[in-house]
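Just below is one structure, and these are the notes that go with it.
The values are calculated or read from the model by the stated rules, or taken from the named source; none is laboratory data. Keep in mind that what you see is a predicted model, and the values were worked out from it rather than measured. No Cβ is skipped: glycine too gets one built from the backbone with ideal geometry, and neighbour counts run over all protein chains shown.
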Amino acid sequence: MNVIEVKNLFKIFGEHPNRAFPLLEQGKSKAEILEKTGNTVAINNANFFVKKQEVFVIMGLSGSGKSTVIRCLNRLIEPTRGEVLIDEFDIVKMSREDILQTRRKKMSMVFQHFALLPQRTILGNAEYGLEISGVEEEERRQKAMEALDQVGLQGYEHQFPSELSGGMQQRVGLARALANDPEVLLMDEAFSALDPLIRNQMQDELLELQARMNKTIVFITHDLDEALKLGDRICIMKDGAVVQTGTPEEILTEPADDYVKAFVQNVDRTKVITASSIMRKATMVTLPKDGPNVAIRRMEQAGISAIYAIDSERYFKGIIRIDDAVKLSRSKTDDLSSITFDGVYTTTPDTPIGNLLGWAIESSYPMAVQDETGKLLGIVDRSAIMAEVNNNFDEEDMPVTLKEWEANGSELTEQEG
C-alpha cells in the first residue's frame, strides 16, 4: 500500500514559471533555462511513491531538488505542476484548512536546524504542535512526555534547549514531531548538523524507533552511507529530476547511469550486499522420507560431497556427508537423522556479507540461509563472498587473512565439496 504518490511534479522558482516548460520539453538543461528565463528548475517531472511503514530516502547533491521535494509533500512550498497524493488525496488541491489539518494529524516534520523555541522548556517545545492544534493541556502534556520518553529524554523535560547538546536538541525536535502520532514523518537532513559520532548514534536510534513505531518516513540526505544505512528504498535526484529509485542493493549493483555510478564507486559493498543476493539453491534431502541411497545419488548427480537436510516443512536440520551416507547404506539402515551433522553455520537473508567474512575463513561447508522461522532458503558459499570482496577491495587493500584464504582457495574449495 502506497501512503504517498508523487506524479509529474514540477517546481519552477521565479516570475512567470510557465516560460520554463517549453524549454524543458525541448530537453534544455537547468542552467540553460536559468540563463534564458531567469527561472530555476527545482523539481523536474519527479515521479515516485512511498510505501506504508517504509523509510524512503531521497538523496542528492546540493541543488538536486531533494529538500524542495519534501516541502512540496506538505505544501510548505507550492508545486508549480503535478500531483502529491497522501492516502490518495491530492494535497496540491486541498484548501488551506485541509492542509493545516493534514500537517497536524497526518504528517510531521523534523528540520536540519532544530528550530526549537529557546524560551520554552523541553516539554514546552515537545508539546508546542499539540498546543497550537488546540489540544487540552493535560492531554498534550501526557502525549509530549510519552514522546520524550520514546526518544530517551525522560528527566530533561524542565531544562531549556541551550542546556542540551546538539544530539539531544535534535531528539527534542523528533519528540515534537512524534507527539501528535503522525502517520508520516518528514525528515529534512535531520542529522546533517551533528558531529559524526552523534550522527551515527542518531541513525541507530531512528532505526530502533522505527522498529517499534513503524512510521512511514521520508528522509532527506546528501550522504550515501546514511542513505544506505537508513533506507528501505532510495531515490537519487540530480538537477531536480529523479535519476534512479531502488533498494540499497539495487542502487549499488545496478546503477542507472554514470552519475549514480560515481556516487556508489567508493562504497564498501560488503556492508550493503546481503546474503540473499549471493545465495544459491541447495541440493537437499527430506527427513525422514529420504534414505542414504537417495542422498548418495543426489550428491553424485550434483558433484558434491555434502547435502542439506530439511524436514517435511523445510526446516533446516543439518547436513549429510557422503562418507557417513555410504557407511549408513552399507549397514542397511535408512534413518538419515542419525548421521545429520548440525554443526553448520547459518545466517539470515538480510545479513551483510561483510559479517560473514570470519565464517568464510573458518568453515568447510557453505552457510545455510534461513528465514526467521528456521526454514532453509538457500546456501552461500565462500567463492561468492570472495567474488564480492574482490569487487570491493583493491589487491593491496585486501585484508591479510583474505589474501591467505584466496591463496589457498583451491584446497578449501575441494574440502567444501
For region 235-264, enumerate the residues that are outside any helix (DSSP H, G or I), within 10 Å of V57 (Cβ to Cβ) and either touching a Ser or Thr at 6+ places or on another chain (Cβ under 7 Å) or without any contact (Cβ under 8 Å) to a residue 40 or more places away in the chain (or both). C235
Write out, first by first residue and then by second, each pair whose Cβ atoms fall under 6 Å of each other, whose residues are 6+ apart or on separate chains, and whose first residue, in region 104-121, is under 19 Å from L194 (Cα atoms) while the second is of a type outside the set (A, V, I, L, M, F, W, C) and surrounded by fewer than 17 Cβ atoms within 10 Å (Cβ to Cβ). Q112/S192
Restricting region 186-215 to residues that are assigned to a loop (DSSP other than H, G, I, E, B) and surrounded by fewer than 17 Cβ atoms within 10 Å (Cβ to Cβ), the residue that is nearest to the chain's Cα centre (by Cα): N214
In region 265-345, which helices (runs of 4 or more DSSP H) lie fully inside it and hold 2 or more residues that are farther than 30 Å from E250 by Cβ? 292-302, 322-330
Yes/no for S363 being of a type in the set (S, T, Y), in the same structural domain as Y308 (by TED's automatic domain parsing) and modelled with pLDDT under 85: yes
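Okay, residues lined up against (1) at pLDDT 90 or above; (2) within 16 Å of P182 (Cβ to Cβ); (3) buried (at least 19 other Cβ atoms within 10 Å of the Cβ):
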position: V135; (1), (2), (3): no, yes, yes
position: E138; (1), (2), (3): no, no, no
position: M145; (1), (2), (3): yes, no, no
position: F160; (1), (2), (3): yes, no, no
position: L164; (1), (2), (3): no, no, no
How many residues, within region 134-151, are part of a loop (DSSP other than H, G, I, E, B) and of a type outside the set (D, E, K, R)? 3
Only one of these conditions is not met by T347: (1) out of contact with any helix residue (DSSP H, G or I) (no Cβ under 6 Å at 6 or more places or on another chain); (2) farther than 20 Å from I304 by Cα. Which number is it? (1)
Picked from region 112-133 (must be assigned to a helix (DSSP H, G or I) and of a type outside the set (G, A, S)), the residue surrounded by the fewest Cβ atoms within 10 Å (Cβ to Cβ) is I132
Do we find that G82 is part of a strand (DSSP E or B), of a type outside the set (S, T, N, Q) and touching a residue at least 24 places away in the same chain (Cβ under 8 Å) in this structure? yes
Of all residues in region 20-56, count the ones that are within 21 Å of V92 (Cα to Cα) and in a helix (DSSP H, G or I). 2
